[in-house]
Structure formats: C-alpha cells, structure tokens
1. Quickly work out the Asp210-to-Glu137 label distance, labels modelled 7 Å from Cα along the C-beta direction, and quote it in nm with one decimal.
2. Which far-off residues, 5 or more places away or on another chain, put their amide H under 5 Å from the one on Tyr44, with H placed in the peptide plane?
3. Once you've got the GNM for the chain with C-alpha springs shorter than 10 Å, pick whichever of Thr146, Thr92, Thr19 has the biggest mean-square fluctuation.
4. For Lys72, which lysines qualify as cross-link partners when the Cα separation must be under 28 Å and same-chain residues fewer than eight apart are set aside?
5. Taking region 22-63 on its own, what percent of its Cα-Cα pair distances exceed 13 Å?
6. Take the Cβ-Cβ distance between Ile64 and Arg157 as r, set R0 to 35 Å, and report the resulting FRET efficiency rounded to the nearest 0.05.
7. For a quick check: with amide H placed at 1.01 Å from N, whose amide H comes under 5 Å from Arg116's, ignoring anything fewer than 5 positions away on the same chain?
8. Testing the spin-label approximation: label points 7 Å from Cα along Cα→Cβ at Tyr30 and Phe228. State their distance in nm.
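Since every read-out is calculated from the coordinates, none of them should be taken as a lab result. Note that this is a predicted model, so its numbers are computed, not measured. Don't worry about glycine lacking a Cβ; one is built from the backbone with ideal geometry, like all the others, and counts go over all protein chains shown.
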Amino acid sequence: MKGKSRKCKFLNKTVLLLTHDFGSVIDLEYTIKRKLSCSVNSTYLRCNEEGILSEKLIQRNDIISCIEATRKIYTSTDYHIASRLSALRRYTEVIEGKNDRWNYISSVLHCEEPGRILEDNSRQPFSKEELLQITSEINDFIAGFTHDEIVALFHDRNSLIESYKKSKKSYEKLQIFRVIQGNSGTANDIINKFVNETFHVENDYLFQLDPFEFEQVPDYIIKECDNFLI
C-alpha cells in the first residue's frame, strides 16, 4: 500500500509452490534464484499408484535443452532403438525441419513404407538410392543402423513386447508401445495423448528434464498399456 511499510510478509517463512508449469521451474533456477538471499529449492514430486509420494531435487544442470536431451538418447546404446530413433526424429525436426530423414524415421516408427509426405498428404515412396542416402545419414547419428534390420524388428511384435517388459523406464515403454500399436492407437484417448506426446516436438518445451532421470509418466498409463499388451 502506498505510504505504508512494504515489508515482505513471507520473510523467514517456508513457502511451498506447487505447479505443473515447467516454465516456472526454469525461471526459478535460471533467473529468480540468484536474486534471492534465502534458500530456494526445486523438487520433482511423483505419486505412484500405491499413493506413495517421492521427491527428487532438481538441480540447475538437470534442466537441459531438447537438443542435449535428444543427443544424449540417440547416441547411447543403453536405450531401445525405438527411443533412439524417436530422439533423432525430434532432433532432426528442431535442427533441420521435416526433411527426408525426418520423413523416413516417421515412416519407420509408424511401421509404414518409407516415403516423404507431399502437400496433398499423399506419400511418395523413397527410391533405393534415396534410402541408401538416408540410412547412411542416420549411421552418422546411430552407428550400425540398417534399414532391413529395423523394419524386421519393428514388425516383430513378440520381440517388441519382450523389450517392453524388460524396460525399467516408463518413457521408453511408451515409445516401444507406440511402435507396437502403429497408427491404430488404443481405445483410451488419455493413453493416446501420453503416447503421442513422447513422439511429437510441438508438445515439449525447448528446455526440459531428462525423461530417463525423472519419471514423468503416471503409473496408471503404464498399467493400461500393460493390460493392452500382456
């Protein structure tokens, strides 16, 4: 109020801000925190289906660009090839746009004949020469990649289901699930939304938490996927 003392009402008090807006976390860690004299921490809270709440501290270096996140995934053999290709697809879209490599990866992940999408939404199959060029480019990002092997793997439902069962990361499970389902989706719109958001760049901030370090998929989503597959 004008003419009155403007003392901070929260001085020496613990203040808890709960939000699902990741932009607020970015602002706090990169802008606001250095201006404050008091201790401020960001934590990621997750409640599992048993109702147990877990807390994980968010450090400034946990907030990484989508370029860093995708590069970390597609270069690592620790992750399933579905996750690596999804990461390379997103990286390609951000850096180069929806070029032939993007169209190829998108086709493969959807278990479709590789080709480019034309303005009328029809698909133009790649020639043998174009496929060789594209797969050679992908080898610069994912060593040992071959077209025939990936097509065979993504059409082997039993092998994909085994990979799904073995995966310990919800983010990776969703991506394997998406390949298994192809374009058919599931009867549950909520599951479709979560599954599709792991594939499409427009649903993410340019900065994010590492999806393999911070479990961001609700347990009930994975449970529904389990019920659908197993």
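1. 2.9
2. HN-HN under 5 Å from Tyr44: Lys56, Leu57, Ile58.
3. Thr19
4. Cross-link targets: Lys33, Lys56, Lys98, Lys165, Lys166, Lys168, Lys169, Lys173, Lys193, Lys223.
5. Tail of P(r) above 13 Å: 59 percent of Cα pairs.
6. 0.55
7. Here Gln124, Phe126 satisfy the definition.
8. 3.3
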